[in-house]
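> The structure under discussion is supplied below as structure tokens; questions concerning it will follow.
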Amino acid sequence: MDYIKDLENLLKTDVLVEVNENIKELETNLEKKKNSKELKDELKYMKEVKKYFDDVLLDIEKNTITQEQASDILEGLEDMKTDNQEV
């Protein structure tokens, strides 16, 4: 199984799409509620998440990520998905 290709596909077609949507939604909500510390913190966190996954895609592009690293990231994403479904 090619974990790197699976990870790249998942990031491009699902994860980053959702992260970008969340960022846009948070920015819109923040414009309505100017001084919401909670929204600012959540937006900052989502931007950090986006940067991390952008960096992962860059590592894939540069061929500097291993199958094992890709597998670990995929497992982490699956755990996050499971956690979100339980909420």
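The values are calculated or read from the model by the stated rules, or taken from the named source; none is laboratory data. These numbers were taken from a predicted model, which means no experiment stands behind them. Glycine also receives a Cβ, built like all others from the backbone with ideal geometry; neighbour counts cover every protein chain displayed. Only protein heavy atoms, including side chains, enter the accessible area calculation; ligands, DNA and RNA are left aside. Shrake-Rupley method; radii C 1.70, N 1.55, O 1.52, S 1.80 Å.
So that you can scan it fast, the table gives a plain yes or no per residue for (1) hydrophobic (A, V, I, L, M, F, W, C); (2) in contact with a Lys or Arg (Cβ under 9 Å, 6 or more places away or on another chain):
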{"site": "Asp41", "(1), (2)": "no, no"}
{"site": "Tyr45", "(1), (2)": "no, no"}
{"site": "Lys50", "(1), (2)": "no, no"}
{"site": "Lys62", "(1), (2)": "no, no"}
{"site": "Gln67", "(1), (2)": "no, no"}
{"site": "Ala70", "(1), (2)": "yes, yes"}
{"site": "Ile73", "(1), (2)": "yes, no"}
{"site": "Gly76", "(1), (2)": "no, no"}
{"site": "Thr82", "(1), (2)": "no, no"}
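> Sticking with this one: Could you check the range 42-87 and list, in sequence order, the residues that are of a type outside the set (S, T, N, Q), outside any helix (DSSP H, G or I) and open to solvent by 80 Å² or more (accessible area, probe 1.4 Å)?
So the first thing to find is which residues in the range 42-87 are of a type outside the set (S, T, N, Q), and the list is 42-62, 65, 68, 70, 72-81, 83, 86-87.
Going one step further and asking which of them are outside any helix (DSSP H, G or I), we end up with 62, 65, 87.
Matches in the range 42-87: Lys62, Val87.
> In this structure, does Leu74 turn out to be touching a helix residue (DSSP H, G or I) at 6+ places or on another chain (Cβ under 8 Å) and in contact (Cβ under 8 Å) with a residue 60 or more places away in the chain? Full working, then the answer.
Details: touching a helix residue (DSSP H, G or I) at 6+ places or on another chain (Cβ under 8 Å): yes; in contact (Cβ under 8 Å) with a residue 60 or more places away in the chain: yes.
Spelling it out, Leu74 is indeed touching a helix residue (DSSP H, G or I) at 6+ places or on another chain (Cβ under 8 Å) and in contact (Cβ under 8 Å) with a residue 60 or more places away in the chain.
> Right, next: For the range 28-41, does any single residue satisfy the condition of being surrounded by fewer than 12 Cβ atoms within 10 Å (Cβ to Cβ) and in contact with a Leu (Cβ under 7 Å, 6 or more places away or on another chain)?
There is at least one residue in the range 28-41 that is surrounded by fewer than 12 Cβ atoms within 10 Å (Cβ to Cβ) and in contact with a Leu (Cβ under 7 Å, 6 or more places away or on another chain).
> Taking Asn35 and the conditions (1) closer than 21 Å to Lys81 by Cα; (2) not in a helix (DSSP H, G or I), which numbered condition does it fall short on, given that it satisfies the others?
Condition (1) is where Asn35 drops out.
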